[in-house]
Structure formats: structure tokens, C-alpha cells
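A.B. asks: Here's a structure for you.
We did not get these values from a lab; they are worked out from the coordinates using the rules stated. Predicted, not measured: the structure shown is a model, and the values here were computed from it. Here the Cβ positions follow ideal geometry from the backbone for every residue, glycine too, while neighbour counts run over all protein chains shown.
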């Protein structure tokens, strides 16, 4: 396979700062050198490439958009570009970085005490502590407000009971940010639960056919006691986890572009060389129609993500705007993986080609961080003022 | 210990090069530019020397058009401390003219570098001469093709890869070295490094490169590769194949 070049039909590179281009290029090179050679095998074996964590940390990928505490302090666009390039490699690898940065470091940075920040953030930036985010439960995905995990104060500790499911990094995490309803106030609060705490376990979820190069787990809390100092003081209510998700969703809107670039490039290269009826299939009309659609959707997705990133850095991006970009870009990433797979014909069903892996992965990406349907309702409410959620 | 690394901006080696309309320069449209890979070994080695010593400065110099500033900023992002950008828009520069411009720049420096590093060759013009020419102009010792470098008490001990083995050479500083593949694995520019690069100083001025004494008159594509031919099939074809390899291809 020739070197990955990315797609830039509308000269979007010219809208990036030189630093942003350098950030993109350095991660692109890292993915080509370190991720691409091993990712098929990791996916096939259902294994997250933990051996890459130190190199990713050294590059500064964890919490890249946070300021201080050993983090790189990138703009939102810079952060998005990192995730774009990681997901060009694999959505599972990108998920692990999203969780570490947006769902674990970000809440500590935003809602944590100075002591908590000092204790955890530098080590997480160095990849010495891996984090995970415990919000979703077996019976509460789209309606996190209905969560059943409960926390009760007991002297100078909190006792937490409940189960979280579909938690990226869970089994390998040193620290979990667990959201539970604190009683008797019945308010959602965030708790830092450390690996090894009695009553806390994180078994891996087996038999996945999607995000296989990423660890997905249950978090089981049975009379799990955490010190009072492990409560995140800065937020109460659903807006705590939703704030985190808003950041992660922004990153995913960018990540989806990386997946699209990968599947598009692969399909075009293949079609130029695949000869049927005495000519390359790239010359047939139906194939060209697919490519025209792919290039159009990539270009649109890039412009959505870029404008959203600039709004975010100006402090003006709304959750509904993030929903629009996540919904659109991930939808098209899934479509594009399928289209690409079809262009590859039978070859596309082995892992010699990437389209099938991207296709399988994006099935998770379109569901997590707010399903496609949920983002549809977010937009519907934004447009009409009427909630169609219940 | 202060090190000067000379780095060149070159087209990405995966680029398909097209000859421009004037038939003596390349068409630069759509080209992705990179730091000459051999120069990256030099930058990386300079950074390692500084890290091992715990002190010293790494300066990166480039000669090229305005866009060549990118070369310096990439090196600063890797960890170099400052840059010198000598602006020059001309293409296909005579290596000796480049060498004279670099030598003059070093002579004009208030604090002379202890070590000057070059990549062994630039992957575009492959002249392999600029490093040794700069050394000669500055009357400094020069060792080329370095694959291993150790510093102690003002002396450098280097390994050069030669046919069938290694040659160990000791040279007093100040000296000029050219780096070869195998010397090290260049680091990625970390994100923090990229952000920090903005604040590092780059001195920019006109290169005032002396006149080219060697010029490129014409560029041509290499001749089309002739098709292969099938010699025969199976074991019976081997004697004929051996004969052709010996008599026609002169490969045996």
C-alpha cells in the first residue's frame, strides 16, 4: 500500500495554522509507522496495542487540548486532527485516546479539585495512568439520567453500588470516573475509583466483532468504598457527564473523517488497478459515482468539523452544533466503509483490506457517544423547541 | 557544546516528479516537501548529544525559499533551539555555491559551533558534496557517512560503514561530520515540541549565495523501461536463463 496522503479537495490545509498542520503530519507519520503494521493483527486477535501507550504519551496524545499538567495545550482543531489521524488507523485505537483525554482527563481538569488534578493529570498525560469513563449501564444507555448506580456517604467515605457496561479501557484502566446518583440528594456526581479498590472489578466484554483493537468492559461496583476526596467537587447533575461527552463527540466528528479518508483512498487505489472486462473498474460509471459521492461527503465533513472547531475555540460551540457534526460525519463514515467494501469486491471481506474493519468499527461509533437517533432528536428539539425524547 | 545542523528542504521521496515547462527545473505544483531524511539523522544526533551533555545549543540552518522556514520549524519542534534561514529562491543551486554561503555564515558567527553536521546527501540532487566542501572552506576536519558517534573531551569517535565492516575514526573538534542511515531513529516532533517551536528564534536573511559555477542545462526523464521477456518455462529454461544473465545482462 502506498503512503497515506489524506484528502484535501478544497484546500482546507490552507485554513489550518502551521502548528496544526505539523500536529496532523506528526500523528499521520506515527500512525503509518507504528499503528498500520500491527492493526490488522490486533483487530483479528481482539487486542488493544498497549505497547504503543508510552510512544503515544511521548508524542503528547493524551489530553492534548488541556492546558498545563504536562499536556500539550492544543487548539480544538489540533485535537481534532490528532483524532482524525488516529482513526485513519483504527477507531478502537482512537476510542482509547478519546476516552483518556476527553472522558477521563477532561472531567478531572474541569470538575476536579487542584489536589485531584495534580495527583492524576500529569501521570495520565504520561500514559502512566490509564483512565475510563463509567456512565452507561446495562439498562441505561441513551437515558443516562435513569442510571441505577448509587453512592451513599459513610463517614469519610462513599459506598458505591452498581454496574456500568460498554466501558472503553475498563479492564486496563488504573482509574475510573464513575457517575452515580448520590443519596439521599439523588444527584448525579462523579467519583474517582482506583483499580484495586475492594469491591471494584472490570471484566472484559468478550465476543465483540466491532472495536476489537480496543478494550471494552463492564465495571462492577459492589459496596465499593472510595475516600471522600475522590468525589469530583465541581459539578452536580447530568451536565457533568454531558460536558465530557460534548468534548468527546467533537473529537469523534473529526475521527470519522480519518476513517472516510482511509476507506476512500483504499477503494480508489484498488479500482485503478482492478481490471474487469479489459479495463480498470475505476473507469466504469457506477464506480465513479461512488467516488464522487465519497469525495463530496469527505469535503463536507471536513468543513463542518473545521468550522465547529473554530467555534469551540471561541467558546461559542453549542451541544446541538456538536450533535450535527457527529451525526453527519459518522453516518457517512459508515456508508463510505460499506461503499468502499463493495468497490473492493470479494477482496474486501478479508482483513488484507481495511474497509471491512472500518465498517465493523463504525457500527459502534454510530451508536456510542449518543446514537444517531439521539442526535437526530437533539437537532429536532433545537429546531422546533419541542422535545421528542419521551 | 554547540552544534550547527544544516538541513535541506526536499520533495517527499514518494512524489512522482514532473519536469517543468523550462525543461531544467522540476514542476513544484502539488509537491509535498519534507526535511531531507539524511538531515533528520543529523538533527536527531545533535539533540541526543545535547541531552547527554545536559547543556549546549542546537542551531539548524537551511538555505531555500520562504517556505523552507518550515524545515527549520520542524527541527525546532523536534527540540532544536534556534534557526537560521538564509533565503534563496533559485533552483538547482550549484553545491559549491551553497557550500560557500554556509561557510561564510559560519565565519560570520560570533560563537563558532563545535560540531557541524550534514546529512550524507540530499535525496533530490544526490551530490554528496556540500558537507565536505564546507569543511574544506572552513579548514576543518571532515568525516563522512557516520553511523555511530561518541563524544569525549573535545574529540569525536565515529564509525563509518564501509564495504565489509566499519572504520573507526577519531577526530578533534571543531569538525564537520556527515550522517548516514543507521546512525539513529529520528524522533517524532511531539505536540508540545510543535507548540514550543513558535517561541524559538529564527534569524532570517538573504542568503546572498555566490554565483553558480555549475548549472543544470537540461532535465530529462529516464528512458522507458523495456518490457521483460519470458525465457522459457520449467527447469529446462534455466541454462538459457543463466546464459542470458551472463552474456546479455552481464549480471553473473
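A.B. asks: For the Cα atoms of chain B, what angle does the longest principal axis make with the long axis of helix B:37-53, in degrees from 0 to 90, nearest 10?
C.D. replies: The answer is roughly 40 degrees.
A.B. asks: Next up: Of the peptides B:186-192, B:199-205, how do they stack up when ordered by the mean number of other Cβ atoms within 10 Å, highest first? Display every interim value, and only then the final one.
C.D. replies: Working: B:186-192: 20.9, B:199-205: 12.1.
Put in order of decreasing packing, that is B:186-192, B:199-205.
A.B. asks: May I pose another question? Per residue of B:190-202, count partner chain C-beta atoms within 10 Å of its C-beta, then hand back the mean as an integer.
C.D. replies: Mean partner shielding for this stretch: 6.
A.B. asks: For chain A, modelled as a GNM with alpha-carbon contacts under 10 angstrom, which of A:372, A:51, A:140 fluctuates the most?
C.D. replies: A:51
A.B. asks: For peptide A:59-71, what's the mean number of Cβ atoms from other chains within 10 Å of each residue's Cβ?
C.D. replies: 2
A.B. asks: For chain A, set up a Gaussian network in which alpha carbons nearer than 10 Å are linked by springs, and say which option among A:176, A:317, A:305 fluctuates the most.
C.D. replies: Evaluated over chain A, the most mobile residue of the options is A:317.
A.B. asks: Quick one: among A:93, A:53, A:365, which has the greatest mean-square fluctuation in a GNM of chain A with alpha-carbon springs under 10 angstrom?
C.D. replies: Top of the fluctuation ranking is A:53.
A.B. asks: Order of A:270, A:331 from fewest to most other C-beta atoms within 10 Å?
C.D. replies: A:331, A:270
A.B. asks: Do you know the relative contact order of chain B, to the nearest whole percent, from alpha carbon pairs under 8 angstrom that are 6+ apart?
C.D. replies: In percent, rounded to a whole number, it is 24.
A.B. asks: I want to check the label-to-label distance for residue B:136 and residue B:150. Put each point 7 Å from Cα in the C-beta direction and report it in nm to one decimal.
C.D. replies: Going from the residue B:136 label point to the residue B:150 one covers 3.2 nm.
A.B. asks: Out of all DSSP beta bridges in chain A, what portion is antiparallel? Express it as a percent rounded to 5.
C.D. replies: 80 percent
A.B. asks: Measure nothing but the geometry: give the 0 to 90° angle between the long axis through the Cα atoms of B:95-108 and the longest principal axis through the Cα atoms of chain B, rounded to 10°.
C.D. replies: Approximately 10 degrees, to the nearest 10.
A.B. asks: Please compute, for peptide A:20-29, the average count of beta-carbon atoms on other protein chains lying within 10 Å of each residue's beta-carbon.
C.D. replies: 4
A.B. asks: Do the sum for the protein assembly as shown: with -39,500 (n - 2.57) for every DSSP H run of n ≥ 4, divided by all residues, what is the mean residue ellipticity at 222 nm, to the nearest 500 deg cm²/dmol?
C.D. replies: On the way: 18 runs with 251 residues, N = 642.
Rounded to the nearest 500, it is -12500 deg cm²/dmol.
A.B. asks: Could you give the angle, 0 to 90 degrees to the nearest 10, between helix A:114-125's Cα long axis and the longest principal axis of the Cα atoms of chain A?
C.D. replies: Helix A:114-125 and the main axis of chain A meet at about 30 degrees.
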